[in-house]
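Single-structure report; data block below.
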């Protein structure tokens, strides 16, 4: 009986697909809602996220959506943060203070604290990388 259960368990394990990973090698960001939708899908999939290069602007929303335990960074990872902006149909950009507040509040506490220590979310980007980033997220293995 024990052998039969062991064989059944191993057989079931073979049916479960291996969890994949998504690698961010370079993202300048973009329109936030498309990133939110993509990262919510990743959260639901159970996939791990490897940040392996620049992840700027809306790309950093991954930190708010995917559980921290499923995110790792490489030595090439750089996170870039700035205040939210609205872009009109002619390409004009305008400050979006309410969106900045909402996005800022959604980041994990350690990221919010880092952002505060570096002047907050303003029009000028700030960058998290190297030892400071490795202190907040594990290095990928």
Out of all DSSP beta bridges with both ends in the range 22-134, state the antiparallel percent to the nearest 5. 40
Of (i) 1.04; (ii) 1.30; (iii) 1.18, which one was derived for Cα Rg over 2.2 N^0.38 Å from the structure shown? (ii)
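Rounded to the nearest 0.05, what FRET efficiency is calculated for residue 99 and residue 47 with R0 set to 25 Å and r the Cβ-Cβ distance? Mind dumping the intermediate values first?
Values: r = 27 Å, r/R0 = 1.09.
FRET efficiency, residue 99 to residue 47: 0.40.
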Can you give the relative contact order of the range 72-113 as a percent, counting alpha carbon pairs under 8 Å and 6+ residues apart? 26
With a point put 7 Å past each Cα toward its Cβ, work out how far residue 141 is from residue 68 in nm, to one decimal. 1.9
Between the helical axis of 2-15 and the dominant principal axis of the chain, each derived from Cα atoms, what acute angle in degrees is found, rounded to the nearest 10? 40
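Fully extended, how many nm does the chain gain between residue 106 and residue 129 (0.36 nm per residue separation, minus their Cα-Cα distance)?
Working: separation 23, 0.36 × 23 = 8.28 nm, distance 2.00 nm.
Contour length minus the Cα-Cα distance gives 6.3 nm.
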Inter-label distance for residue 113 and residue 23, nm, one decimal - labels placed 7 Å from Cα along Cα-to-Cβ: 3.2
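Throughout, read-outs are computed from the coordinates displayed, never taken from laboratory work. All values derive from a computational prediction rather than experimental measurement. Positions of Cβ are generated from backbone atoms using ideal geometry, with glycine treated the same way; all protein chains shown enter the neighbour counts.
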